[in-house]
2 protein chains.
Amino acid sequence: MARSLPTALDGTDLLARVEKALAEFLDAQAPALDAVAPDLAPVMGTVQDFLLDGGKRLRPAFAYWGWRGAGGADGEEVVRAASALELLHACALIHDDVMDGSDTRRGKPAVHRRFAALHRGERWQGVPEQFGTAAAVLLGDLCLVWSDTMLARCGLPPEALRRAQPVYDTMRLELMAGQYLDVLEQAVASTEVDRALRVARYKTAKYTIERPLHLGASLAGGDQAVLDALSAYGLPLGEAFQLRDDVLGVFGDPSETGKPAGDDLREGKRTVLVAEALAAATPRQEAVVARLLGDPRLDADGVAALREVLVDTGALEATEQRITRSLDEALGALDAAAGSGTLDATACTALRELAVAATARTV
Amino acid sequence: MARSLPTALDGTDLLARVEKALAEFLDAQAPALDAVAPDLAPVMGTVQDFLLDGGKRLRPAFAYWGWRGAGGADGEEVVRAASALELLHACALIHDDVMDGSDTRRGKPAVHRRFAALHRGERWQGVPEQFGTAAAVLLGDLCLVWSDTMLARCGLPPEALRRAQPVYDTMRLELMAGQYLDVLEQAVASTEVDRALRVARYKTAKYTIERPLHLGASLAGGDQAVLDALSAYGLPLGEAFQLRDDVLGVFGDPSETGKPAGDDLREGKRTVLVAEALAAATPRQEAVVARLLGDPRLDADGVAALREVLVDTGALEATEQRITRSLDEALGALDAAAGSGTLDATACTALRELAVAATARTV
């Protein structure tokens, strides 16, 4: 998605600071890579290109505001710690594209495609696609390692890092587990709303929102009441955010989402939206879904036919209602935490803006 | 390779202790995975099966003896820290098999093949191979994350872990960089001895031997003199070990190496052995290599023809001489370090045994 988020919440100009922290970290790593071999230049170039593209920096933003919510003061150390999540996310995306065989990411060729193109351009031996896959697997691994390195070297005191380590471990375990469940859902072709919601919970609610909030709060020494307040906001927001993503994946404008129209339908993604449709579908509508969903050669007519089913069954409307309910729940939890003084008031204002922006219907 | 190593150096019974530490760590992680979803049972089962197979535990052994060499006392904490390297290595192997499209690992189906078989057995939707690849990429990622978790929770004091962090970061960076170079060498079909030696240096000398030694020594607070002494032993030994592996990959008995005869030749591995052969080959011999090396359908006659070239060009003999020279250099460095008291004497005895066992011609 290319939805933009508030760039300068509370005057912190977080997006630019995350970008700068990432750029500095990669610059500091370059000599180590170059020392192994100058042939690694395309590896560093690709990681830089992938990371320094002005993404939304959602996970760093939640980690930063989790820190602030727990009473931590602004500073570059926490921005560096939060930015490490972008490297973890880069690993997830690069590997995800390999697993899905996706051609593009954010409107540019996926990493495995870039290395396949390099192979082809250089007329190397072997199969370009196999080289591309191998390079992308290794680049993802490298980003995963670097996320750990960047967090360890953020400059926060060792006690802070020690407090955050279990959260970070859980977050990464849930990421990998959630990705596996996602792949499994496509394979078993589940049609159950509950199973689709479970994937959304791990892939987005926890990984994108709750755990980053907890990571920041743990670094700041937030207690259990702080963590609970952040969960009460983060989990429903995460669900709303994932559902918005699902809706945009089917109905979004390609110029805004950065992916071809109907790509999620071609991939056969088992979203809550699809599960809702199947739960309410007539036999004829069910047949349309069975025939078209997951067809890699799905054309514009096919996309239109599936969209029609999602609208006519009431699935789109039901999903929009779910988004509204979840967002309201998240904002209510935030108000309660601000009112009781459990979370810092400035942070609550920023988290409210983030929530609204992350679940908006359009850019 | 299935070459065995001394199991009870200095009465420490290291192999059994590493196995126990890994089993306990995975048992402790099981509830977290199960909490995400019971569907993750095959993931845990596969990791356990992969890790608790009685492997050689080379990297933990070098890490443990690096610790002892620097004067650290025996204890389960350091065994747990050292065992974390097996999880890192599991990631490397699982991803390596995906990248190479290997069918087997240690005589059993590769992880991606197992999950493809699960997909086929359950008659799930989609392409079994794609599911297998996705699962293996994620399992490797999970092992990489767990290696980090296991090290962080080994029980050694935080200062020890902090000292070791830069070594661990460098080790992981070099692993991923070395793997990329390895893939690149096959692609550019390099015939240069120097380039092949560079890959051997990163993939084995540093990753398998020098960095594990340094990791253990850093945990124990070893100074630069200790690290240098370990490098003087570890780097030449690593080269000898990789060259032995290359020789066994071509000439080894499948019942001992655990892989089909000639697999390295079918893969087109650009080893030092091959580079030496090409450097000395007649045009006729060169043509044999060009025609057969890297042919995925290479049969027994083809393997025999390539072996003949490797012998007749003197490449095998030259490689054996390199192994002997490098092993002698490693052992000489060890004697010097023991004599000067830079390294602990018991550790030097164990490292000598490890060196000889790791480079032996047969099991």
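Quick notes
- The residues of region A:167-177 that are at the interface with chain B (Cβ under 7 Å from one of its Cβ atoms) and touching a residue at least 60 places away in the same chain (Cβ under 8 Å) amount to a single one, A:ARG172.
- Taking the conditions (1) more than 20 Å from A:ARG201 (Cα to Cα); (2) touching a residue at least 40 places away in the same chain (Cβ under 8 Å); (3) among the polar types (S, T, N, Q) in turn, A:THR271 satisfies each one other than (1).
- Residue match in region A:58-69 (condition: assigned to a helix (DSSP H, G or I), more than 11 Å from every other protein chain (Cβ to nearest Cβ) and in contact with a Lys or Arg (Cβ under 6 Å, 6 or more places away or on another chain)): no
- Residue ID - farthest from B:ARG114 (Cα to Cα), chosen from residues in region B:1-38 that are among the charged types (D, E, K, R) and at pLDDT 90 or above: B:ARG17
- Check on A:ALA73, more than 14 Å from every other protein chain (Cβ to nearest Cβ) and part of a loop (DSSP other than H, G, I, E, B): yes
- Residue match in region A:118-126 (condition: charged (D, E, K, R), more than 22 Å from A:LEU144 (Cβ to Cβ) and more than 14 Å from chain B (Cβ to nearest Cβ)): no
- Taken over region B:147-166, the criterion of being within 23 Å of B:MET44 (Cβ to Cβ), more than 8 Å from every other protein chain (Cβ to nearest Cβ), in a helix (DSSP H, G or I) and not aliphatic (A, V, I, L, M) is satisfied by B:SER147 alone.
- The set of residues in region B:83-110 being part of a helix (DSSP H, G or I), of a type in the set (A, V, I, L, M) and over 16 Å from B:LEU26 (Cβ atoms) consists of B:ALA92, B:LEU93, B:VAL98, B:MET99.
- Hits in region A:335-353 - residues which are over 22 Å from the mean Cα position of the chain (by Cα) and under 17 Å from A:ALA61 (Cβ atoms): A:LEU343, A:ASP344, A:THR346, A:THR349
- For A:ARG105: the one exception among (1) within 26 Å of the chain's Cα centre (by Cα); (2) basic (Lys, Arg); (3) at positive phi: (3)
- In region A:329-342, the residues that are in contact (Cβ under 8 Å) with a residue 40 or more places away in the chain form Cβ pairs under 7 Å with partners that are among the β-branched types (Val, Ile, Thr), at six or more places apart or across chains, as follows: A:THR342/A:VAL226.
- Restricting region B:202-216 to residues that are under 10 Å from the mean Cα position of the chain (by Cα) and within 12 Å of chain A (Cβ to nearest Cβ) leaves a set whose member that is surrounded by the most Cβ atoms within 10 Å (Cβ to Cβ) is B:TYR207.
- Counted residues, region A:40-93 - those being buried (at least 18 other Cβ atoms within 10 Å of the Cβ), of a type in the set (S, T, N, Q) and over 14 Å from the mean Cα position of the chain (by Cα): 1
- Any hit, region A:227-243, residues being more than 30 Å from A:GLY71 (Cβ to Cβ) and either at pLDDT below 95 or in contact with a strand residue (DSSP E or B) (Cβ under 9 Å, 6 or more places away or on another chain) (or both): yes
- Here is the figure for region A:205-221: residues that are under 14 Å from A:ALA330 (Cβ atoms) and hydroxyl-bearing (Ser, Thr, Tyr) total 1.
- For B:LEU306, the requirement of being surrounded by 21 or more Cβ atoms within 10 Å (Cβ to Cβ) and away from chain A (no Cβ under 14 Å) is met.
- B:GLY155 out of contact with any strand residue (DSSP E or B) (no Cβ under 6 Å at 6 or more places or on another chain) and under 18 Å from B:ALA217 (Cα atoms): yes
- Selection count, region A:149-172, where residues are buried (at least 20 other Cβ atoms within 10 Å of the Cβ) and under 18 Å from the mean Cα position of the chain (by Cα): 4
- Residue match in region B:178-201 (condition: surrounded by fewer than 24 Cβ atoms within 10 Å (Cβ to Cβ), at the interface with chain A (Cβ under 8 Å from one of its Cβ atoms) and basic (Lys, Arg)): yes
- Odd one out for A:ALA225, checked against (1) under 22 Å from A:ASP194 (Cα atoms); (2) small (Gly, Ala, Ser); (3) assigned to a helix (DSSP H, G or I): (1)
Quick grid of which residues meet (1) within 14 Å of chain A (Cβ to nearest Cβ); (2) among the β-branched types (Val, Ile, Thr); (3) under 28 Å from B:ALA338 (Cα atoms):
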{"site": "B:ASP223", "(1), (2), (3)": "no, no, yes"}
{"site": "B:GLN242", "(1), (2), (3)": "no, no, yes"}
{"site": "B:GLY268", "(1), (2), (3)": "yes, no, no"}
{"site": "B:LEU273", "(1), (2), (3)": "no, no, no"}
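The values are calculated or read from the model by the stated rules, or taken from the named source; none is laboratory data. This is a predicted model, so every value here is computed, not measured. Note that each Cβ is placed from the backbone with ideal geometry, even for glycine, and that neighbours are counted across all protein chains shown.
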